[in-house]
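Structure first, then comments.
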Amino acid sequence: MNGENEGLSHSEEQLRKLREKVTVLETLDQYRQSLLRLAGELQKVHTYQDITKVIQPEILNLLGYQMIWLFLFYEDRKAGVFVTVRGTLADQVMETLPRLEIVGDPYLEAVAAATDILVIEDARTDPRTNKEIVAQLQNRTLVNVPLWLVDERLGVFGMGSFGDEGIIIPTPGQIEYLKTLAYHVAVAVERTQFIMQRQEQARALQESEERYRLLVEQAPVAIAVYYGDMIAYLNPAGCELLGVPDAAAILGTSMMQYIHPDSLPLLQERQRRLPQEGRLEPAEEKIIRPDGETRDIEVITSAIRYKDKPAVMVIAQDITQRKQMAAENARLYAAEQERAEALLAALARQQELDRLKDEFLQNSSHELRTPLTVAMGYVDMVADENVGELQATQRMMLKSAQSRLYDLYQIVMGLTTLAVSGGNSVYRDQVHLTALVQDIVQDFQALAAQNDLTLHTNIEPDLPPLSGNPIHLGQLVDNLLSNAVKFTPKGGTITVRLFTSETGLVLEVIDTGIGVAPEQMERIFERFYQVDGSATRRYGGAGLGLALVKEIAEAHRGRVSVTSAISQGSTFRVEIPL
Ligand code: ADP
């Protein structure tokens, strides 16, 4: 510079210097004014695009760079993103650019490392730039100014020249201008980020509110919110429960109008407890709808904040049907219980009667036997003419008395056997059933003939004897045979079979008589049971015979059974183990 100005006069030199100074001052003023203007405008922006939009014309005007950008760092400057790139033409505005890895890209690494302005004079020759991109974008000078905010670097604010514009290197004054501008840009970026975060939060909040609103609106349970007792919110299920067409009609009114008077004390008690407890256990309440219908509901009550005010949230479920069913069940249960109790009482009465009957049986049989034996003894003595000869009429009468007494004796013996056979103190001996059966059948032949019945036996030869009570076993055969005779009409046949089975001996008395109806087959073995009154009168008897047969069989560890068909005949079968 000195060499060039050697020939100039002093005043000329002074004038030149003065001009130069004025130019510098003018330029400085230009920058100062630009900064003032931009600082003011940057305060108003809240998008990245607006930041570059505000400053791009000034940069082009003052420095000549056509293109500017904002590149922000992520994650300790390991990655970053161009949030906005803007050139002089509309299509040079780019809004969303992908995240870039800084690590591994020498140019971006240099940008991220620079704490002060970084000027790459010629991108075509600089070793750090990617030559492919440079060729494509025709970059020449690249200037990146760090965006410092207090002690943090948010990213860079960059600018560059392209192709024919050639290399543009900023002067020290311009560098100062850029650094000051970068501060205002950093503040604008920070504000933008803050606003974006807030917007994002608001959006997320709105989304989650929307989701919850949907949940609450579609919930199958009634949900209501109150301020005190004023309805502030009611979901559709709540409207349905209350029987109101839509919530708008009742918002702001008191929910008390829906509470059944019976539930008021409980409700008040819960309202008192709610502030301390925050959430109350489920409770059953009754509501009354505008149409007068009452409903049972189960409610869960919690204290919440709704639209920034303390409120009460109630979740309610209609349990009317459930309660009705429970009541019905309780009623059915009580009725069943009553029936069961009545049955039990009847059973107890029956058992008591049975016990009394047994007791009576035992006592009376013993009491009757002695006098009867004595009476029979005297009658026999008289009939045998031991005390004097009898006239024909007297003999006939005594014979009749003897026969009646004998019948009576049989009955009393039956009662006695019945009374004692339950115990174990029964006399036992080796009994030859063949002989026993043959003797008794022999005794019955006359009676059978009288009734026009055929009576015969079918006995397996060489049957072994069994251990038992001969008198009782004789009574067993006797009873079965007298029943067969009694219940078989004239012309019938009675067969007595005796044979061995796998476990012991089997006695069968088979008749072709009136038979036993299936429903009677169990009962005829009960004491005093007779199939029916008219039949009893027709056939006589006390209803003890089969009970005795059963008890005697069981006292011999055996069992008795019957197979029969009405009007066809019956087979009574006694099995006694050996
Ligand atoms: P009873 O003969 O004294 O009435 P049982 O105990 O011997 O009493 O018999 C009970 C009832 O069983 C009889 O009343 C009768 O109705 C029925 N029954 C017993 N044996 C026969 C039989 N062989 N054929 C048809 N019914 C019978």
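If you scan the stretch 123-159, which residues turn out to be charged (D, E, K, R) and within 60 Å of the chain's Cα centre (by Cα)? Answer for the stretch 123-159, where residues must be charged (D, E, K, R) and within 60 Å of the chain's Cα centre (by Cα): Glu152, Arg153. For Ser34, the conditions (1) within 22 Å of Glu176 (Cβ to Cβ); (2) hydroxyl-bearing (Ser, Thr, Tyr); (3) loosely packed, with under 15 Cβ neighbours inside 10 Å are fulfilled apart from (3). Between Val150, Val187, Val119, the distinction of being farther than 18 Å from Gly80 by Cβ, exposed (fewer than 14 other Cβ atoms within 10 Å of the Cβ) and of a type in the set (A, V, I, L, M, F, W, C) belongs to Val150 only. Comparison of Ala248, Ala237 shows that the only residue that is within 22 Å of Glu293 (Cα to Cα), among the small types (Gly, Ala, Ser), more than 33 Å from the chain's Cα centre (by Cα) and not in a loop (DSSP other than H, G, I, E, B) is Ala248.
Taken over the stretch 565-578, residues that are under 28 Å from Gly468 (Cα atoms) and within 10 Å of the ligand (Cβ to nearest atom) amount to 3. Among the strands (runs of 3 or more DSSP E) confined to the stretch 278-344, the ones with at least 2 residues that are without any contact (Cβ under 8 Å) to a residue 40 or more places away in the chain are located at 279-288, 294-306.
When Leu390, Leu332 are checked against the criterion of being more than 36 Å from the chain's Cα centre (by Cα) and surrounded by 10 or more Cβ atoms within 10 Å (Cβ to Cβ), a single residue qualifies: Leu390.
All of the numbers you see were taken from the coordinates with simple rules; none came from a lab. Every value quoted in this text rests on a predicted model; they were computed, and no experiment measured them. A quick note on method: Cβ atoms are made from the backbone with ideal geometry, for glycine too, and the neighbour counts reach across all protein chains shown.
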